[in-house]
1. Within region 148-165, can one find any residue that is in contact (Cβ under 8 Å) with a residue 12 or more places away in the chain, among the aliphatic types (A, V, I, L, M), farther than 29 Å from ARG278 by Cβ and not assigned by TED's automatic domain parsing to the domain that holds LEU262?
2. Could you tell me whether region 53-73 includes any residue that is at pLDDT below 95, aliphatic (A, V, I, L, M) and under 17 Å from LEU128 (Cα atoms)?
3. Within region 21-34, is there a residue that is free of Cβ contacts under 8 Å to residues at least 24 places away in the same chain, surrounded by fewer than 21 Cβ atoms within 10 Å (Cβ to Cβ) and under 19 Å from the mean Cα position of the chain (by Cα)?
4. Of all residues in region 212-257 being among the acidic types (Asp, Glu) and part of a helix (DSSP H, G or I), which is surrounded by the most Cβ atoms within 10 Å (Cβ to Cβ)?
5. Which residues, counting only those in region 36-94, are among the hydrophobic types (A, V, I, L, M, F, W, C) and in a loop (DSSP other than H, G, I, E, B)?
6. Please verify whether ILE126 is modelled with pLDDT of 85 or more, closer than 19 Å to GLY266 by Cα and part of a helix (DSSP H, G or I), treating the condition exactly as stated.
7. Scan region 356-365 and tell me whether some residue there is crowded, with 22+ Cβ neighbours inside 10 Å, modelled with pLDDT of 90 or more and not charged (D, E, K, R).
Amino acid sequence: MKDPRQRPGACAAAAADDVRIIVLLAAAGFASAANMRITEPLLPLVSEAFATTPGKASFVVSAFTIGYGLFQLVWGAVGDRIGKLRLVTLLTLATGLTAAFAAAADSLATLALARLCAGATAAGIIPLSMAHIGDTVAWEHRQVVLARYLSGNVLGVLAGQAAGALLGGLFGWRTLFVAVGGVFLSAGLALVAAGALTARRHPQAIPSLALLLPELLRRRRARFVLVAVTLEGAVFFGALAYIGAHLRFAYGLDYGAVGLLLLAFGLGGLGFTASVHRLRRWLGEAGLAASGGALLALGFGASALAPAVPVVALLLFLLGLGLYMLHNTLQTHATQMLPEARGLGVSVFASCYFVAQGLGVGLAGPVVDRFGYAPLFTVAGVACLAIGLGFAAALRARRGWSEE
């Protein structure tokens, strides 16, 4: 008698369940990305509520960043042992509770503690979701599925920025934290209902962290991917952080207009997720990396020339499109760096990307102060082109890379 799982109807049902899980993971990723970006535009409201300055209130942003950075590797290793999908579900529910904690904060210190906890619990949601996709989706389809999953993250960034900037003044910052918490809890409960807590995982012996990290760094693919994503994070976000200030300085725009222009960057990311299947078919993964680097070079280089505002919106769209063309290619290979402990491998990738962003912003500050915005954008454009072309060349060579 045939195994029921081999019957066409059973296979179709299993495929539908996989799609449902990925959609729910994208919803959790949406909430995680929104949660990460919602606080910065709320700083004026938070400082007013607690009778302090925006500078002192900014500690709530730093607290989230610290928690998020410290727990990346922790959750990656834990997910490999207890199950990635199970841990994502638990962390999604826990992050919903931290949002409620933030909404109820009665002091700046309490709010900072709530955001520290939020960063710690949210740190594993996106990396482990990517690792789960790596475990369950065949290599030839993985880049497209990861890009579809990424659309939830991109929408989350857009929603977080827009909600903080446009809705905070209307409904209050506490209400926005309640709303974000509601999305987390809804996604988490939906994952529970879909069987995520009881999902079968294939038992395997997982070596210790002390053994796995050196093994990861011995692999040629991992070294290329980690170097590329570290440079990408530092260079791209080091320059992007000053785009808003450049727009205000060069064009005299108010903060609302700057915020609306920056939405074009997120729309570029959505443009990629909507067209990834065609782009991958036309360009191949090496072509995606190289073309992404070229679009980043064009976007940053042309921004240095201070063109008309409508052109700036187009350039920001191209920056979003270019970043996700390059980064999604890196993400796809990150899922294959350490297949026997994929959660840890993807978490190392995410940690490098996250830490590099902070370093890049810090290193770019003195450049802006001494030389201005145009030299920073020019150097960033050239560096992004080199990263894209370099990784594309590595993909074409693939010497010493294990088979997919």
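1. Going residue by residue through region 148-165, those that are in contact (Cβ under 8 Å) with a residue 12 or more places away in the chain are 148-165.
Subsequent filtering for residues that are among the aliphatic types (A, V, I, L, M) retains 150, 154-155, 157-159, 162-163, 165.
Filter again for farther than 29 Å from ARG278 by Cβ, leaving 163, 165.
Checking which are not assigned by TED's automatic domain parsing to the domain that holds LEU262 leaves us with 163, 165.
Yes.
2. From region 53-73, those at pLDDT below 95 are 53-73; that's our starting set.
Applying the additional criterion that residues be aliphatic (A, V, I, L, M) yields 57, 60-61, 63, 66, 70, 73.
Checking the rest, the ones that are also under 17 Å from LEU128 (Cα atoms) come to 70, 73.
Yes, region 53-73 contains a residue that is at pLDDT below 95, aliphatic (A, V, I, L, M) and under 17 Å from LEU128 (Cα atoms).
3. Filtering region 21-34 for residues free of Cβ contacts under 8 Å to residues at least 24 places away in the same chain gives 23.
So of that shortlist, the ones also surrounded by fewer than 21 Cβ atoms within 10 Å (Cβ to Cβ) come out as 23.
Still in the running and under 19 Å from the mean Cα position of the chain (by Cα): 23.
There is at least one residue in region 21-34 that is free of Cβ contacts under 8 Å to residues at least 24 places away in the same chain, surrounded by fewer than 21 Cβ atoms within 10 Å (Cβ to Cβ) and under 19 Å from the mean Cα position of the chain (by Cα).
4. Just the residues of region 212-257 that are among the acidic types (Asp, Glu), to begin with: 215, 232, 254.
Filter once more, so that each one left must be part of a helix (DSSP H, G or I): 215, 232.
Working: GLU215: 14, GLU232: 27.
Here the answer is GLU232.
5. Pass one, region 36-94, residues among the hydrophobic types (A, V, I, L, M, F, W, C): 36, 38, 42-43, 45-46, 49-51, 57, 59-61, 63-64, 66, 70-71, 73-75, 77-78, 82, 85, 87-88, 90-91, 93-94.
Those that are among the hydrophobic types (A, V, I, L, M, F, W, C) and in a loop (DSSP other than H, G, I, E, B): ILE38, PHE50, ALA51, PHE71.
6. Values: modelled with pLDDT of 85 or more: yes; closer than 19 Å to GLY266 by Cα: yes; part of a helix (DSSP H, G or I): yes.
So ILE126 passes the test.
7. Within region 356-365 (the criterion being crowded, with 22+ Cβ neighbours inside 10 Å, modelled with pLDDT of 90 or more and not charged (D, E, K, R)), the answer is no, since none of the residues qualifies.
Rundown of residues vs (1) at positive phi; (2) touching a helix residue (DSSP H, G or I) at 6+ places or on another chain (Cβ under 7 Å); (3) buried (at least 24 other Cβ atoms within 10 Å of the Cβ), yes/no style:
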site	(1), (2), (3)
LEU42	no, yes, yes
GLU48	no, no, no
SER62	no, no, no
GLY67	no, yes, no
LEU93	no, yes, no
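The values are calculated or read from the model by the stated rules, or taken from the named source; none is laboratory data. The structure presented is a predicted model; accordingly, all values stated were derived computationally and were not measured. Please note: Cβ atoms are built from the backbone with ideal geometry, for glycine as well, and neighbour counts cover all protein chains shown.
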